[in-house]
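Taking it in order: structure first as structure tokens, then the write-up.
Every number in this text was worked out from the coordinates using simple rules, so none of it is lab data. All values reported here derive from a predicted model rather than from experimental measurement. Counting neighbours? That spans all protein chains shown, and the Cβs are built from the backbone with ideal geometry, glycine included.
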Amino acid sequence: LHYMEFNFRQQRLLHNAHLRKAISLVMDRNTLVNKVIASPGTQTTTHFFPDWLPGIPPHTEVTPPDFPAAKQALETAKQELGITAIPPLTLLIYDSPSVVRQAEYLQRVLQETLGITLVIDKQIFKQKLAKLNSGDFDLALSAWGPDYNDPMTFADLLHSANANNHGRYQNPRYDALVERAAALPASTERNQLFQQMDTIIQQDTAVLPLSEPGILYVLDKRLHNVRRSRFGDDPDFRHAWIEQGGKH
């Protein structure tokens, strides 16, 4: 999952819910995925829990941007923050070409639709991680690859005690749902808890899900039994073998 993190620390403007909402409402995920990322298999999403996870219901189509609602939310944010204009915001990213293209697109969108200047802070992996952990950002483009086939691999990312919750999002109701789900076996009740978490994430604009990446591989016809997985190690060559003259 690729998503945008917001910095909820009190000294950062993104702790304001209406400012986060304004940014979320101008996101054109279809353009981002199909024209900017332009990688076969990549899909748009507005949900933090991919619907291929067990117990997660199918997602509906992504809605288009709502610019009038975004501008209204922006005006409310400025009133609540006591400012007449939003100062430049910093977007922290990795220095890969694909992420840079996405950041530049988002930079243009925020400037053209909301008049917000986005300063791109491009860093190598180690330095970006250090800045995330210290809170030296306003927004950040991040990604998460699930470790195991269960919604909890995403759910606990936004628990207030999780170190990967870089923006320090905190909602006691959300924390309680995560802790309750962690104590339950697979069941309808547990699935409903994840749906409630997803609703809270969207209501709070805790993070901004953007896309689910797709990856294309070329496989030599002599290579057999390569295992593919959406979670954990992928590809898995532990049981693979190469055919040589009809033998292996």
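Can you work out the Karplus-derived ³J(HN,Hα) for every residue in region 99-108? Use 6.51 cos²θ - 1.76 cosθ + 1.60 with θ = phi - 60°, whole Hz, and x for glycine or proline.
5, 4, 4, 5, 5, 5, 5, 5, 4, 5
Please give the residues of region 12-40, grouped as numeric ranges, whose backbone N is less than 18 Å from a label point set 7 Å along the Cα-to-Cβ vector of Thr117.
13-14
Note down the magnitude of the dipole of region 114-248 about its Cα centre, charges +1 on Lys and Arg C-beta and -1 on Asp and Glu C-beta and zero elsewhere, to the nearest 20 debye.
The dipole magnitude comes to about 480 debye.
Under a cut-off of 25 Å between alpha-carbon atoms, report the lysines in cross-link reach of Lys122, not counting same-chain residues fewer than 8 places apart.
Lys21, Lys35, Lys131
Starting from the eigenvalues of the Cα gyration tensor, five times each then square-rooted, give me the equivalent ellipsoid semi-axes of region 158-199, largest first, whole Å.
For region 158-199, the semi-axes come out at 20, 10, 8 Å.
What percentage of all Cα-Cα pairs in region 120-166 are separated by more than 11 Å?
Tail fraction, whole percent: 72.
Binning at 5 angstrom from zero up to the longest distance, how are the C-alpha pair distances of region 79-197 distributed in percent?
The calculated distribution, bin by bin, is 2, 10, 16, 16, 15, 15, 13, 9, 4, 1, 0.
Only Cα pairs within less than 10 Å get springs; with that Gaussian network setup on the chain, which residue of Gly41, Gly145, Gly135 has the largest fluctuation?
Gly41
About its Cα centre, what dipole magnitude does the chain give when the only charges are +1 on Lys and Arg Cβ and -1 on Asp and Glu Cβ, stated in debye to the nearest 20?
440
Looking at region 43-95, which GluC sites (Glu not before Pro) are DSSP coil and have at most 11 other C-beta atoms within 10 Å of their C-beta?
Glu61
Mean projection of the alpha-carbon convex hull of region 128-193 over all orientations, in nm²?
Average projection, Cα convex hull of region 128-193: 5.1 nm².
Hey, can you grab everything whose amide H is under 5 Å from the amide H of Ile120? Only 5+ residues off in sequence or another chain; H modelled, so Pro and N-termini drop out.
Amide H neighbours of Ile120: Leu91.
Kindly express, to the nearest 10 degrees and within the range 0 to 90, the angle between helix 67-81's C-alpha long axis and the longest C-alpha principal axis of the chain.
On a 0 to 90 degree scale, this one is about 60.
For region 85-152, what are Rg and Dmax over the alpha carbons, in angstrom?
Gyration radius and largest Cα-Cα distance of region 85-152: 13.8, 44 Å.
Of all trypsin sites (Lys or Arg not before Pro) in region 159-204, which ones are in loop regions per DSSP and have a Cβ with at most 13 other Cβ atoms within 10 Å?
none
As a test of the definition: which semi-axes, in Å, follow for region 14-138 when you take the square root of five times each eigenvalue of its alpha carbon gyration tensor? Largest first, please.
Working from the Cα gyration tensor, I get semi-axes of 24, 21, 15 Å.
If you average 1/r over every pair of different alpha-carbon atoms in the chain and take one over that average, what Kirkwood value in Å do you get?
Every distinct Cα pair counted, the radius reaches 19.6 Å.
Taking only Cα atoms, what is the 0 to 90° angle, nearest 10, from helix 125-134's long axis to the longest principal axis of the chain?
40
Compute the length gained on full extension between Leu129 and Leu219: take 0.36 nm times their separation in residues and subtract their Cα-Cα distance, giving the result in nm to one decimal.
29.1 nm
Apply the Karplus curve 6.51 cos²θ - 1.76 cosθ + 1.60, θ = phi - 60°, to the phi angles in region 186-202 and return the couplings in whole Hz, x for Gly and Pro.
Whole-Hz 3J(HN,Hα) from phi for region 186-202: 4, 6, 4, 4, 5, 4, 5, 5, 5, 5, 5, 4, 4, 5, 5, 4, 6.
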